[in-house]
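> Please read through the structure below; I'll follow up with questions.
The values are calculated or read from the model by the stated rules, or taken from the named source; none is laboratory data. Remember, it's a predicted structure, so these values are computed and weren't measured experimentally. Heads up, the Cβs are rebuilt from the backbone with ideal geometry, glycines too, and the neighbour counts pull from every protein chain shown. Areas reflect the complete protein model, heavy atoms only, side chains present, ligands, DNA and RNA absent. Shrake-Rupley method; radii C 1.70, N 1.55, O 1.52, S 1.80 Å.
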Amino acid sequence: MADSGIIDELKTKFGGREFIEQKTHDEFPTLWVSKEKIVDVLRFLKIEISKPYRMLYDLTAIDERTRAGRREMPDSDFTVVYHLLSFDRNDDIRVKVALKGKYPSLPTITKLWSNANWYEREIYDMFGIKIEGHPHLKRILMPLTWEGHPLRKEHPARATEMGQFQLPEEKEKREQQALLFNPEEWGLKKESEDSDFMFLNVGPQHPGTHGVLRLVLQLLGEEIVDIVPDIGFHHRGAEKMAERQTWHTYIPYTDRIDYLGGVMNNLAYLLTVEKLAGIKVPERAQVIRILLCELFRLSSHLVWYGTFAQDIGQLSPVFYMFTDREKVFEIIEAICGDRMHPNWFRIGGVTDDLPNGWDTMVKNFVSYFPKRLREYDKMVMKNRIFKARTIGIGIYNTEEAIEWGITGPGLRATGLEWDFRKKRPYSGYDQFDFEIPTAQNGDCYDRAVVRVEEMRQSTRIIEQCLKNMPSGPYKSHHPLATPPLKERTMHDIETLITHFLGVSWGPVIPEGEAFSGIEATKGNNGYYLISDGNTSSYRTRVRTPSFPHMQMVPFISRGYTIPDLLSILGSVDFVLADIDR
């Protein structure tokens, strides 16, 4: 992964004194640069070098004020972290800026990357870091009336640390007033030279938004002039909660982020924890993980497929597809004991071995499901009304997708063959035979084409898991794997105490930083974790695909109509908890 050559290029361009190198467990090139040079350095990485880092993959911050173990790092109260991705190099780079002061500031990079807009608003919202030159620096996840910045260390981490919630009449009026939409605040005009614009709320309670999402539409007749998404209604503080949970007890919280992705959320988190701890997962556990992840990919895509057809006016598909989803859940429930949120993966492996009869259930399903997909092709994909409502709607090309941080099927629908299971194999995906579906036009229909073909490829992977399930342990014997194995629990008091502490407190993960990303159901899902040598994470950053995808919706909706917008929203395949965390 790491490309030491890029560090030499940067030092040649800007001088070696401008950078401080940091070693991390993920081996990404990680450099500290001054606030004054950050825009120039990022511009060089995106535009000027060969094989550039064209995608702003993530942008976040860290409150460093109570962190232990910051050896060989610049002194800072807060750190802003830029994570860039180069498709040409198949490589990442992490650039950090050290900031001092209670409420520091930093120049905007919205002129470099379009998707920096929301990320910078999130940094301001969560940490109180001011972004100089930002076009619209307002809260994005928290209510406009919120006091404080939740990811600062002095902000309460539990509801019990705050006063009892009250909603007196005066506060209710203030909250209602804050929700009123003022077009001028967003740089939108109320009228053109010859007509007035109309502003329409779609959501936050609307079936086409697939959850609690508010879209304020600026309309000229039936044509969409612009859209202002209002997110955060589903924000639960998933990153904040990680600071008060152990490394082990946080696993169930990951299930609820992309709540259609199930254990796939566990995997992105656990790969990072295992990287920090130096845990090698046994081969059988890796294949079991892949089996469950691909079953959840099918489950998630079936929800998308049925509801997408329903958004466009077809009623029958959603009933057929949810019936098939139940067949997937029957397998998941038989293996995990639960359905949507099984919380079944563990540090170092999985909770338990596969039960007797799992293979018969999977064999029956992989024999049954391809025929159903062919029926759905006739019912949906070849339907002339479905085609008319999706072909040529919501178009973007590869360059635009990269500019906005689009990953997954939305990126592959533009013709770029990029799947993290192939490009950066994890959990043993390099041992499987499957194709990466792509399309060319980048419209609503092609995004559907890619996902439908992905379901066929997932079925292939599941069949290979069935035929080639290795023997061996289902969990690592590493001492930091949790819960620890019980074979020697009752042999001596030291082992019993160790077992007790492993279950109650959880493991103490060594100091360090690491990131892991996976090809999740909606796109690339990644966890950036920082340990200061404690029983819980110092900083947990969840990079979700739906956040940048929703940010792009206004860009690909302008000039279309409201019915087209519902097609676009369905084709994006977002989850509100994945946006808001």
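> Compute the Cα gyration tensor for the range 433-572, then decide on rounded, prolate or oblate, letting a ≥ b ≥ c be the square roots of its eigenvalues: rounded whenever a/c is under 1.5, prolate when a/b is larger than b/c in the other cases, and oblate in all that remain.
oblate
> Could you provide, to the nearest whole Å², the per residue accessible area of the range 495-581 with probe 1.4 Å?
23
> What accessible area per residue, rounded to a whole number of Å², is obtained for the range 1-137 using a probe radius of 1.4 Å?
40
> At R0 = 35 Å, how high is the FRET efficiency between Asp196 and Lys173 if r is their beta carbon distance? Nearest 0.05 is fine.
Efficiency, rounded to the nearest 0.05: 0.80.
> Too long at a 28 Å Cα-Cα cut-off: which of Lys275/Lys422; Lys51/Lys522; Lys102/Lys240; Lys35/Lys171; Lys275/Lys423; Lys102/Lys190?
Lys35/Lys171; Lys102/Lys190
> Under a point-charge model restricted to the Cβ atoms of Lys and Arg (+1) and Asp and Glu (-1), what is the dipole moment magnitude of the range 58-175 relative to its Cα centre, in debye to the nearest 20?
The dipole magnitude comes to about 240 debye.
> How much of the accessible area of the range 470-581, in percent, comes from carbon and sulfur atoms when a 1.4 Å probe is used?
Result for the range 470-581: 65 percent of the exposed heavy-atom area is carbon or sulfur.
> Tell me, how many Å apart are the Cα centres for the range 60-83 and for the range 415-444?
34
> Sticking with this one: Quickly work out the Lys111-to-Asn397 label distance, labels modelled 7 Å from Cα along the C-beta direction, and quote it in nm with one decimal.
Placing both labels 7 Å along Cα→Cβ, they lie 2.4 nm apart.
> Rounded to the nearest Å, what's the spacing between the alpha carbon centres of the range 516-576 and the range 88-140? Just the number, please.
Going from one Cα centre to the other spans 17 Å.
> Right, next: In Å and from the alpha-carbon atoms only, list the Rg and Dmax of the chain.
24.0, 86
> Toward the positive end of the charge dipole of the chain, about the Cα centre and with charges on Cβ (Lys, Arg +1; Asp, Glu -1), which of Thr108, His477, Thr272 goes farthest?
The one lying farthest along the dipole's positive direction is His477.
> Using the Cα atoms of the range 1-81 to build a convex hull, what is its mean projected area in square nanometres?
5.8
> Sort 397-406, 213-222, 63-72 by the packing proxy (mean of other Cβ within 10 Å over each peptide's residues), most packed first.
For the peptides 397-406, 213-222, 63-72, the packing ranking is 397-406, 213-222, 63-72.
> Given the peptides 340-350, 195-205, arrange them by the average over their residues of other C-beta atoms within 10 Å, most packed first.
Going by the mean number of other Cβ atoms within 10 Å, highest first, we get 340-350, 195-205.
> Rounded to a whole number, what % of the accessible area of the range 266-319 do carbon and sulfur atoms account for, probe 1.4 Å?
C and S atoms contribute 54 percent here.
> List the residues of the range 75-95 whose backbone N lies under 14 Å from a point placed 7 Å from the Cα of Ile20 along the Cα-to-Cβ direction.
Hits in the range 75-95 for Ile20 at 14 Å: 75-80.
> For a label point 7 Å from the Cα of Thr498 along Cα→C-beta, name the residues of the range 269-286 whose backbone N is under 19 Å from it.
Inside the label zone: 277-282.
> With unit charges on the beta carbons (Lys and Arg positive, Asp and Glu negative) and the dipole taken about the Cα centre of the chain, which residue among Pro168, Tyr396, Tyr320 sits farthest to the positive side?
Tyr320
> Convex hull over the alpha-carbon atoms of the range 511-581: what's its volume per residue in Å³?
Measuring per residue, one finds 88 Å³ for the Cα hull of the range 511-581.
> Please go through the range 471-556 and write out the trypsin sites (Lys or Arg not before Pro) that DSSP classes as loop and that have at most 11 other C-beta atoms within 10 Å.
For trypsin sites (Lys or Arg not before Pro) across the range 471-556 that sit outside H, G, I, E and B with at most 11 neighbouring Cβ atoms in 10 Å, the list reads Lys486.
> Calculate the length of the line joining the C-alpha centroid of the range 4-50 to that of the range 340-372, in whole Å.
Cα centroid to Cα centroid, the span is 44 Å.
> Among Leu10, Leu85, Ile62, pick out the residue whose Cα is farthest towards the positive end of the charge dipole of the range 3-92, where Lys and Arg carry +1 and Asp and Glu carry -1 on C-beta, about the Cα centre.
Positive-end residue among those listed: Leu10.
> Now for a separate question. As a test of the formula, what do you get for the chain when each DSSP H run with n ≥ 4 contributes -39,500 (n - 2.57) and the sum is divided by the residue count, at 222 nm and rounded to the nearest 500 deg cm²/dmol?
That comes out to -11500 deg cm²/dmol.
> Something else now. Beyond 14 Å, how much of the Cα-Cα pair distribution for the range 57-112 remains, as a whole percent?
Cα-Cα pairs of the range 57-112 separated by over 14 Å account for 60 percent.
> Over the range 216-299, with the other protein chains present, what is the accessible area per residue in square angstrom, probe 1.4 angstrom?
26
> Need one number: convex hull volume per residue for the range 294-361, Cα atoms only, in Å³.
For the range 294-361, the hull spanned by Cα atoms encloses 86 Å³ per residue.
> Something else: Let me know the charge dipole size of the chain about its Cα centre in debye, to the nearest 20, where only the beta-carbon of Lys, Arg (+1) and Asp, Glu (-1) is charged.
Roughly 720 debye, rounded to the nearest 20.
> Classify the range 109-255: rounded, prolate or oblate, from the alpha-carbon gyration tensor (a ≥ b ≥ c, eigenvalue square roots; a/c under 1.5 rounded; otherwise prolate if a/b is larger than b/c)?
Prolate, since a/c reaches 1.5 and a/b exceeds b/c.
> Assigning unit charges at the beta carbon (Lys, Arg +1; Asp, Glu -1) and nothing else, what dipole magnitude in debye, to the nearest 20, does the range 189-337 show about its Cα centre?
940
> Still on this structure: Pull out a ≥ b ≥ c, the square roots of the eigenvalues of the alpha-carbon gyration tensor of the range 217-370, then state rounded if a/c is under 1.5, prolate if not and a/b is larger than b/c, and oblate in the remaining case.
It is oblate, given that a/c is not under 1.5 and a/b is not larger than b/c.
> Here is a follow-up. Provide the FRET efficiency to the nearest 0.05 for the Arg70-Trp186 pair, computing r from the beta carbons and using R0 = 41 Å.
0.55
> Going Cα to Cα from Lys486, which aspartates and glutamates come in below 18 Å? Please leave out same-chain ones fewer than 8 positions away.
Partners within reach: Asp352, Asp353, Glu494.
> What three numbers, in Å, describe the spread of the alpha carbons of the range 206-299 along their principal axes, ordered from the longest?
Sorted from largest, the Cα extents of the range 206-299 read 60, 32, 19 Å.
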